[in-house]
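In what follows, a single structure is set out as structure tokens and then discussed.
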Amino acid sequence: MKNVFDILDERGYIEQLTHPQEIKQLFAKESVPFYIGIDPTADSLHVGHFVSLMVASHMQRYGHKPIILVGGGTATIGDPSGKTDMRKMLSKEDIEHNVACIKKQVEKFISFEGENAAIIVNNADWLLDLKFVEFVREIGSLFSVNKMLAAECYKQRLETGLTFFEMSYMLMQSYDFLYLYNKYGCKLQMGGNDQWSNIIGGVDLIRKIGKDDSFGLTFKLLTTKEGKKMGKTEKGALWLDPEKTSPYEFYQYWRNIEDSSVDNVLKMLTFLPIEQINELANLKDEQINEAKKIAAYEITKLIHGEEEAKKAEEASNALFNGQGSLENMPTVELDSTPLSLVDAIVLTNIAPSKGQARTLINQGGISLNDEKITDINYQISDKDFSTGYAILKKGKKIFYKLQKKNMD
RNA sequence: GGGUAGGUGGCCGAGUGGCUAAAGGCGGCAGACUGUAAAUCUGUUCUCAUUCGAGUACGAAGGUUCGAAUCCUUCCCUGCCCA
């Protein structure tokens, strides 16, 4: 059997490793319990977590045991890494709700049954009961403040201010690793590269207490060529929850990525064989659109299932190539006609306010049934529904199907 | 605890009594060009009413003034230096 290490490597997941040689040998030698942490700061995962789950899935396929740590305890603090401001704290109820939602999404990637079944743990279970003095004496004494301050993740914060509260985040994450090491024999922590400092904190902690088989690995963050984080949309993050980001929008996001990201996205976010990916990524110019279609389809399938992926693909074909049915595009029902175009735009959330709806119309960004409309007083009436529905379009890529509620 | 500099629209950052819904940049959106790409150029970017206009907004609450983001008072928060 191939070593997962090579898989992770050839697919470009790996950014940094604490002990490259040893980690590779470890993978070959035994089934390694490893953990990735997820902060339950929202009730859905987003693309940022996607990469972590992909890696965990690859690892599990090769016989290693995933431990998904949900940071119910640490979320009460908020990781200061890379943030310029202290994060707002979440209530206990929020966190519990979020944990439950996250669990469902994780199940799409990782099996909780079988030989190397994954487990989910919540660090609230051990962190909340810690005694302060005890913790500081036993764990805190093993951390050098000088070293921590030198860490990249704190440097930025040193300029704007950093509280002790936030600094202890690293200690807690390190303690998590130690706890999992002791309880489940967890030897490896994985995470996004922004977690590097926290990860080596844990690796060092375990080594300081006399063990030498703790390791850390970080993945590359998904970024565009300019280094912008991927997964941002005009509405904020690209969520994995279909209620927050519809499968159609999700599909379209990947369909529209820039050429230079195709290779990365295919490798990191799909399970397509590497040979096929290399072929696809080599397509030039206009042809690379084929690769994007495949990427969008595969990624959507992973998150939302085959059926939703097909629907999204079909809707997109219908809209952009004029073939196939319009049935599956996002639809909004209208109570009554006539309705002003401005109102319809706000109703469909195409624009958040009437003012913005008007600017859109004025700038020629709105069309109805393929006809550009520049009259801000336009009233949508029955004649726009001659085919039974009306297509409202913003810009080139955002479509909504309007339908009347009571067709009589 | 003492001293000092600050808190401005999604972010960064000008503005120090009326011409300020507040320069500039970033980000976002739209238009042109394209391949549902990138880059570039143009427009736009608080809310309601697009006719005039009105309402909210410069950490919070009060006050001075015909008029305040700009002045005064109290409070909250943050940086830096000293202890």
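The values are calculated or read from the model by the stated rules, or taken from the named source; none is laboratory data. Fair warning: this is a prediction, and the values are worked out from it, not measured in the lab. Here the Cβ is made from the backbone with ideal geometry for all residues, glycine too, and neighbour counts use every protein chain on show. Only protein heavy atoms, including side chains, enter the accessible area calculation; ligands, DNA and RNA are left aside. Shrake-Rupley method; radii C 1.70, N 1.55, O 1.52, S 1.80 Å.
Listing for the model above:
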quantity	calculated
Residue among A:292, A:267, A:24 with the largest mean-square fluctuation in a Gaussian network model of chain A, springs linking Cα atoms under 10 Å	A:24
Unit Cα scatterers, Debye sum, chain A: log10 I(q)/I(0) for q = 0.06, 0.08, 0.11, 0.12 Å⁻¹	-0.31, -0.53, -0.90, -1.01
Per residue value of the accessible surface for chain A (all protein chains in place, 1.4 Å probe), Å²	49 Å²
Estimated FRET transfer efficiency when R0 is 51 angstrom, pair residue A:113-residue A:152 (beta carbons, to 0.05)	0.80
Neighbourhood net charge (13 Å Cβ-Cβ; Lys/Arg +1, Asp/Glu -1) for residue A:361	+2
Rounded to 10°, Cα long-axis angle of helix A:196-208 versus longest principal axis of chain A	20 degrees
Relative compactness, region A:272-318, computed as alpha-carbon Rg over 2.2 N^0.38 Å	1.21
Potential extension, residue A:363-residue A:279 segment - 0.36 nm per residue separation minus Cα distance	26.1 nm
Carbon/sulfur fraction of accessible area - region A:90-160, other protein chains in place, 1.4 Å, %	53 percent
Label-point separation in nm, residue A:207 to residue A:15, each point 7 Å along Cα→Cβ	2.0 nm
Proximal lysines to residue A:24, defined as alpha-carbon separation beneath 17 angstrom and excluding residues fewer than eight positions away on the same chain	A:2, A:65, A:187
Radius of gyration and Dmax over the Cα atoms of region A:203-352, both given in Å	20.2, 76
Accessible area in the full protein assembly, largest first, 1.4 Å probe, for A:285, A:43	A:285, A:43
Long-range amide H partners of residue A:120 with built H, under 5 Å	A:68
Proximal aspartates and glutamates relative to residue A:405, as straight alpha-carbon distance under 18 Å, when same-chain residues fewer than 8 apart are discounted	A:327, A:333, A:335, A:343, A:382, A:384
Carbon + sulfur, % of accessible area of region A:169-304 - ligands and nucleic acids excluded, 1.4 Å	47 percent
Kirkwood-based shape ratio for region A:110-199, expressed as Rg/Rh from alpha carbons	1.02
